[in-house]
Every structure is written in C-alpha cells, then in structure tokens.
Amino acid sequence: MTRSLAELRAVIEDRSAKLGVIGLGYVGLPAACLLADARFDVAGVDLKADRVELINKGISPIEGEEPGLAELIHGAVSAGRLHASTAYEDLAGADVVLICVETPVDADHRPRFAALKAVCAQLGRVLQDGVLVIVESTIAPGTIDAVVRPALEASSGKKAGTGFHIGHCPERVMPGKLLSNMRTVSRVCGGSSPEVAQTMVALYSSYVGGELDAADCLTAELVKTAENAYRDVSIAFANQLALICEQVGGDVWRVRELVNKVPGRSVLLPGGGVGGHCIPKDSWLLAASLGEAADNSLLGVARDVNDGMPDHVAALVNELAPPTDGARVAVLGFSYLENSDDTRNSPSEVLASRLRAMGYEVVIHDPFVETYRGEVDDALTGSDCAVLMVAHSAYRQLDLAAAARVMRHPRLVDARGFFRRPELQAAGFDYRVIGVAPSAGSSAAR
Ligand SMILES: NC(=O)c1ccc[n+]([C@@H]2O[C@H](COP(=O)([O-])OP(=O)(O)OC[C@H]3O[C@@H](n4cnc5c(N)ncnc54)[C@H](O)[C@@H]3O)[C@@H](O)[C@H]2O)c1
C-alpha cells in the first residue's frame, strides 16, 4: 500500500528518510551537502563521471570562492552521508528526490527542457511508491503540469497524487554565496496539494533558516521566474540610462546616486552585459506562454538591451583604439560575476568574439577561470586597450601606473565603473567609463 504523506513527513522529521538529488551543479551539490549535514542519507546522481568522482573523494568541483562548501562536502562524504553516482538505480530506495538540472532556453528563446525530460524518463523507472519528487530547477509557469507530471506518469506507470507526489521549490542562490543563501533566504514550497506543500516545509526546515512559504506549484513557478525577470528588467533600465547618459553628455554614476536619494528608487549598476545560467533565460521562461509575442514584450525588450551591452563596450573600445593592424585588447574578467568561476553566458565571451570580428587580437585574463588564469600584467603587456568587464576584487590590487607602463597604449574601457577616475588620469590612461560621455563634467568624476 502506498505510504501516506503523514508517514513520509514522519520519516523526514526523524531524519530516517532517504533522499536523492539529481544534478550536482551549483544548486544540487550544496543542497545535497546541506541535507547530508542535517543527518539525512543522500544519494546524488549526475551525468558527469568526473564530477561524481571528485565529489566521492570529498573534493568540491566548484572553483570560485564558495565559503564553507569544500569543508561541507568533505564532511558529508567522510561521514558516509553523501554518495554520488551516475546510476539512477541508486535512487531506487529514495523517499524524496530533488531535481536540480539545468533549464536553458534555445536560440529562439523558447524552453524545451531536454535535461528535465531526460531526468523524468530515467527517474520514473526507479520511483518507489509514495515518493515526493521536488523540482528545484527554475521552470516556466505551467511546466510541472504540462511536462513533469505527464513525463513521470508515463515513465513510472504510476499516477501523480497516489503513486507519487510532486512539488516545486525553486532555488534562490547566487554563486559565491551558495551556502549562506541556501541557509538564510526564504523559499516557496509549491506542492501539488496543501499536504505536499507542508511535507516540503518539513524537509526544507532541516537546513533553511529563512521563511518557508507553502504554495501551489504554479505560484512557485511564477514567483521564481518573476523575481529573476524583475532583476533583468531592472538591470536593463540601468543600462538604458547609461546609454542615454553617454548620448546626452551625462554621467550615469552620478545620476543614479542622486536618483537613489528619492525614497523607493533603487537604480542598479549598469555594466557590460548580463550573464550566468539564470538571469538571461528566466525572463524568457516567464514569457514562454506569450509565444512569439514574448520578443516584443517588456521582458523581451529588456533582454535586448542587456544583450546589446557587449556590443556597446566593443564600440567604446573602437572609439578609443581603432583596430589598426595588430591592435591588441586585454579583457579583464571572463566569469559573469565577480569572484566567481561561473562562465555561463559570459558577456566577456560575446565581447571577445565581437572584438575579434572587428580585427583586434584579444587576450583574456580571469583569476578564477582556469583557461585564463596567470599574471594580469602578461595580459596587459603590449596591449593597445584594456577592458574591465568583471569587478573581481583581485583587480583592486592592480597598480594602474605599472599597468600603463607595460601597455603599448595606456587606454582603458571601464565597463563596471570600477576604477576611480582621478587614479586612471594620474596613471596616464586615456579611458572611457560605461555610461559616461567623454564630455561629462569632471566635478562628477568619482
Ligand atoms: N546557478 C545558480 O546560481 C542558480 C540559482 C537559482 C536557480 N538555479 C536553477 O537551478 C537549476 C540548476 O542550475 P545549476 O546552476 O545548478 O546548473 P548546473 O549546470 O551547475 O548543474 C546541473 C547539473 O545537472 C546535471 N545533469 C544534466 N542532465 C542530467 C541528467 N539527465 N541526469 C543527471 N544529471 C544531469 C549536469 O551534468 C550538471 O552537473 C537551473 O534550473 C537554474 O536555473 C540556478
């Protein structure tokens, strides 16, 4: 007989529930570790054998600064509470399974959920009666009902609601703060019934200190995609304002400082583009139900503004240092976020390919990304222009005067408003700051 949700809740509360986590990336791995740390036995499954091998050695495969994660993985593995594998059979005894795989959109901006569908096809084969399956991945509104439920029913031969239960508890982490976000930020526990939602609350209260809001799956889908689309649109506003400031002779950094003195206004920082796995696609997930009309919606237009920023940075480089024969540009920062190794949808990658297409030789440096590590001076030496794309704290140590000396021409495009302009001037740089017209008054210079 299928176990009741009350019984499932009891084994969650006494920590005897067996847990499974599918997808051991930025979301699934820390979640698996925190559950193991909360004294659950956790089986993790990922397609990538090298990742699985590292985890089983107690080593974190995530290379950016993630305070506490390396220690937590080591502790969970050595205590025998976390075991990773590539085999779905290891999930056969699980009482709760979290799905944490990637959910990108395709080139036409539409989600097709290949990874999620593949997971459902494989998980259904090993699903025991009464399991609670929780999707943590970010999904378009309606995906639990239109994709996950039918796919699991087809592969398991069981009915949702009786043979198994479904929930959606989207993650709210940022790389660099994975553990602290998971422990402290509130979560929406969307269940296919109020009882499922309450069972999810029992599970997540084992490591989440923030509020746990019970809801239905559709609400959870809408909330997650809305919170990221809101951020994308807000960044697009800052970027649009930066472009206008350049056009009219203004300085966006001074303008936002003064705008933000009005209660309720909080203009974000402009920059050279929006990257990462989540923000560039979650607006499209929220807008998915609009079909082709998504492109001309507010969300689609904001996406266009943000996607256009690497091109704008390339245009600033072109103004400062036209692509004469052998002109070389050093791009500082390749991950999408400061002090992170996450290079997914990197705006610097787009910038580098635009610059190469314009005829520049491009050298990339990033202290967190293996391919581009090394001395920043080596990247700058002989360059005709540098571009600061990512505000890695390591670049604070850059000796601007020494950098100017090793460059063929001391020119710099600051796409993050990172450097103090008087210091750039003192070091002898010819520079452009995003959102600042060359003619903008020097009284505004930070
Ligand atoms: N990265 C973030 O900061 C973040 C924040 C909030 C939400 N999310 C959401 O969480 C989800 C996961 O994101 P992520 O950053 O952890 O992705 P990721 O790419 O780091 O990890 C996904 C993992 O799933 C594995 N995988 C893919 N298909 C699989 C399959 N069929 N079976 C087993 N494993 C499989 C991949 O090998 C990979 O290791 C996405 O929906 C994302 O939008 C991510």
- Item | segment 280-384 - percent relative contact order, Cα under 8 Å, separation 6 or more | 25
- Message: Using only the alpha-carbon atoms, how far is helix 114-124 inclined from the longest principal axis of the chain? Give it as 0 to 90 degrees, nearest 10.
- Response: 20
- Cα gyration tensor of segment 16-56, axes a ≥ b ≥ c as square roots of the eigenvalues: rounded (a/c below 1.5), prolate (a/b > b/c) or oblate? prolate
- Message: Using only the alpha-carbon atoms, how far is helix 309-320 inclined from the longest principal axis of the chain? Give it as 0 to 90 degrees, nearest 10.
- Response: 20
- Expected vector for segment 224-234, Karplus 3J(HN,Hα) from phi with 6.51, -1.76, 1.60 and θ = phi - 60°, integer Hz, x for Gly and Pro, equals 5, 5, 5, 5, 7, 5, 4, 5, 4, 5, 5
- Message: I'd like the distance between the alpha-carbon centres of segment 1-80 and segment 166-217, rounded to an integer number of Å.
- Response: 16
- Please state the relative contact order of the chain as a whole percent: Cα pairs under 8 Å, 6+ residues apart? 12
- Query: With axes computed from alpha carbons, what is the tilt in degrees of helix 347-357 against the longest principal axis of the chain, rounded to the nearest 10 within 0 to 90?
  - Reply: 50
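What 222 nm value per residue comes from the helices of the chain, counting each DSSP H run with n ≥ 4 as -39,500 (n - 2.57) and dividing by all residues, nearest 500 deg cm²/dmol?
Working: 17 runs with 173 residues, N = 446.
That comes out to -11500 deg cm²/dmol.
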- Query: Going by the alpha-carbon gyration tensor, a ≥ b ≥ c the square roots of its eigenvalues, is the chain rounded (a/c under 1.5) or, if a/c is not under 1.5, prolate (a/b greater than b/c) versus oblate?
  - Reply: prolate
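Distance check, please: which entries in Lys177/Lys224; Lys117/Lys159; Lys57/Lys177; Lys117/Lys281; Lys48/Lys117; Lys224/Lys281 exceed 20 angstrom between their Cα atoms?
Numbers: Lys177/Lys224 18 Å; Lys117/Lys159 17 Å; Lys57/Lys177 23 Å; Lys117/Lys281 18 Å; Lys48/Lys117 17 Å; Lys224/Lys281 12 Å.
Among Lys177/Lys224; Lys117/Lys159; Lys57/Lys177; Lys117/Lys281; Lys48/Lys117; Lys224/Lys281, the Cα-Cα distance tops 20 Å for Lys57/Lys177.
Rounded, prolate or oblate, given the Cα gyration tensor of segment 211-317, with a/c below 1.5 counting as rounded? Spell out each step's value before the answer.
On the way: a/c = 2.52, a/b = 1.53, b/c = 1.65.
In terms of gyration-tensor shape, oblate.
Compute the relative contact order of segment 247-444 as a whole-number percentage, counting only Cα pairs closer than 8 Å that sit 6 or more residues apart in sequence. Intermediate results must be reported in sequence, preceding the final value.
Working: 344 pairs, mean separation 49.8, N = 198.
Computed over segment 247-444, the figure is 25 percent.
Read-outs throughout are calculated quantities, based only on the coordinates presented, and are distinct from any laboratory measurement. Because the structure is a prediction, the values reported are computed rather than measured.
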